[in-house]
Amino acid sequence: MVEQLLAQAIQHANAGRREQAKALCEQALAQQALHPAPHQLLAVLCLQERDVAGARRHIHASLALRPDHPPSLMTAADAARAAGDTAAASAHLTRLVGLVPAHAEAWFQLALVRQDIGELEAAVDALNQVLSVMPQRVEAWVNLGIVQQELGRIDAAMRAYGRAYRLRETSFGRIAHALAAAPHGRLWLNLGELRACLAGAPD
């Protein structure tokens, strides 16, 4: 019966009917209080409603029952970041990539957290992990360029920006904006010259 309630809740959630989904999750918990899945889904629904405290309460209850569940760890990291708790987000994501080393999205989110808290070398390492799994991920190349730039390594930054630009030319605006940023930026007055430089940057 609980599994049927969960299946119906997921259908409602996927259709955007959050209240119905939440009600079914509560029914499932009333029948089986120590079931992690309703808590996980309730956490996701709370995040969608910007109820960060509720999301954290439910995902912690879920993780207490299955601490090594990768989707729950990702949800916990999302909730922690929404609460501004970067230490908790980093801990959840570090645990996740330890369990699933090829989880590119977890590595990417971990890189963002590390960048937020100023752990730039660790952010570079995380972004390199992303790119080892997904070498075509443009956002990772752009972020790698930004972090290398923040570290004062403009040549390494240009190589990363160049890869991003060659993969997706529409990344140019973000790259140009990042390159103009202090304290290690360069102001390119000739954008055509910048495009040529990115197109010809070494790998």
- prompt: So how many residues does the stretch 103-125 have that are within 19 Å of Ala76 (Cα to Cα) and among the hydrophobic types (A, V, I, L, M, F, W, C)?
  reply: 9
- request: Report whether or not Val138 is farther than 22 Å from Ala199 by Cβ and of a type outside the set (Asp, Glu).
  value: no
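Return the total of residues in the stretch 15-58 being in a helix (DSSP H, G or I) and more than 28 Å from Asp85 (Cα to Cα).
Adding up the residues that qualify gives 7.
Can you tell me how many residues in the stretch 134-181 are aliphatic (A, V, I, L, M) and part of a loop (DSSP other than H, G, I, E, B)?
Pass one, the stretch 134-181, residues aliphatic (A, V, I, L, M): 134, 138, 140, 142, 144, 146-147, 151, 154, 156-158, 160, 164, 167, 175-176, 178-181.
Still in the running and part of a loop (DSSP other than H, G, I, E, B): 134, 151, 180-181.
Of the residues in that region, 4 qualify.
For Leu131, state whether it is outside any loop (DSSP other than H, G, I, E, B), surrounded by 14 or more Cβ atoms within 10 Å (Cβ to Cβ) and in contact with a Lys or Arg (Cβ under 7 Å, 6 or more places away or on another chain). Break it down stepwise before answering.
On the way: outside any loop (DSSP other than H, G, I, E, B): yes; surrounded by 14 or more Cβ atoms within 10 Å (Cβ to Cβ): yes; in contact with a Lys or Arg (Cβ under 7 Å, 6 or more places away or on another chain): yes.
Yes, satisfied.
Here's a check for you: in the stretch 1-10, which residue that is of a type outside the set (Val, Ile, Thr) and assigned to a helix (DSSP H, G or I) is surrounded by the most Cβ atoms within 10 Å (Cβ to Cβ)? First the steps, then the outcome.
Within the stretch 1-10, the first condition is being of a type outside the set (Val, Ile, Thr), and the residues that meet it are 1, 3-9.
Pick out the ones that are also assigned to a helix (DSSP H, G or I) and you get 3-9.
Working: Glu3: 11, Gln4: 10, Leu5: 22, Leu6: 21, Ala7: 10, Gln8: 16, Ala9: 26.
Checked the stretch 1-10; the qualifying residue surrounded by the most Cβ atoms within 10 Å (Cβ to Cβ) is Ala9.
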statement: Note on the stretch 82-115: residues farther than 20 Å from Val44 by Cβ, among the aliphatic types (A, V, I, L, M) and surrounded by fewer than 16 Cβ atoms within 10 Å (Cβ to Cβ) are Ala87, Ala102
query: Any chance the stretch 39-59 includes a residue that's surrounded by fewer than 14 Cβ atoms within 10 Å (Cβ to Cβ) and over 25 Å from Gln115 (Cα atoms)?
result: yes
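So if I check each of Gly200, Gly118, which one is in contact with a Gly (Cβ under 8 Å, 6 or more places away or on another chain) and loosely packed, with under 14 Cβ neighbours inside 10 Å?
Details: Gly118 fails: in contact with a Gly (Cβ under 8 Å, 6 or more places away or on another chain).
The conditions single out Gly200.
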- prompt: Can we say Leu73 is more than 17 Å from the chain's Cα centre (by Cα), part of a helix (DSSP H, G or I) and in contact (Cβ under 8 Å) with a residue 12 or more places away in the chain?
  reply: no
- request: Enumerate the pairs (first residue in the stretch 96-115 and over 18 Å from Leu144 (Cα atoms); second residue anywhere and outside any helix (DSSP H, G or I)) with beta-carbon separation below 7 Å, excluding pairs fewer than 6 apart on the same chain, so at least 6 apart or on different chains.
  value: Leu96/His103; Val97/His103; Leu99/Asp68
- prompt: Among the residues of the stretch 25-36, how many are buried (at least 23 other Cβ atoms within 10 Å of the Cβ) and of a type in the set (A, V, I, L, M)?
  reply: 1
query: In the list Ala79, Ala13, Ala21, which residue meets the criterion of being within 22 Å of Asp116 (Cβ to Cβ) and either surrounded by fewer than 19 Cβ atoms within 10 Å (Cβ to Cβ) or modelled with pLDDT of 95 or more (or both)?
result: Ala79
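Looking at Ala111, Ala201, Ala196, Ala126 in this structure, which one is part of a helix (DSSP H, G or I) and more than 16 Å from the chain's Cα centre (by Cα)?
Ala196
Okay, residues lined up against (1) without any contact (Cβ under 8 Å) to a residue 24 or more places away in the chain; (2) among the basic types (Lys, Arg):
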residue: Ala9; (1), (2): no, no
residue: Arg17; (1), (2): yes, yes
residue: Glu26; (1), (2): yes, no
residue: Ala30; (1), (2): yes, no
residue: Leu34; (1), (2): no, no
residue: Ala43; (1), (2): no, no
residue: Glu49; (1), (2): no, no
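Any residue in the stretch 68-85 that is closer than 30 Å to Glu26 by Cβ, of a type in the set (Ser, Thr, Tyr) and touching a Pro at 6+ places or on another chain (Cβ under 8 Å)? Outline the logic, then answer.
Within the stretch 68-85, the subset closer than 30 Å to Glu26 by Cβ is 68-85.
Narrowing the set further to residues that are of a type in the set (Ser, Thr, Tyr) leaves 72, 75.
Now drop any that are not touching a Pro at 6+ places or on another chain (Cβ under 8 Å), which leaves 72.
Yes, that holds for at least one residue.
The values are calculated or read from the model by the stated rules, or taken from the named source; none is laboratory data. None of the values given here were measured: they were computed from a predicted structure. Every residue, glycine among them, receives a Cβ derived from its backbone with ideal geometry; neighbour counts consider all protein chains shown.
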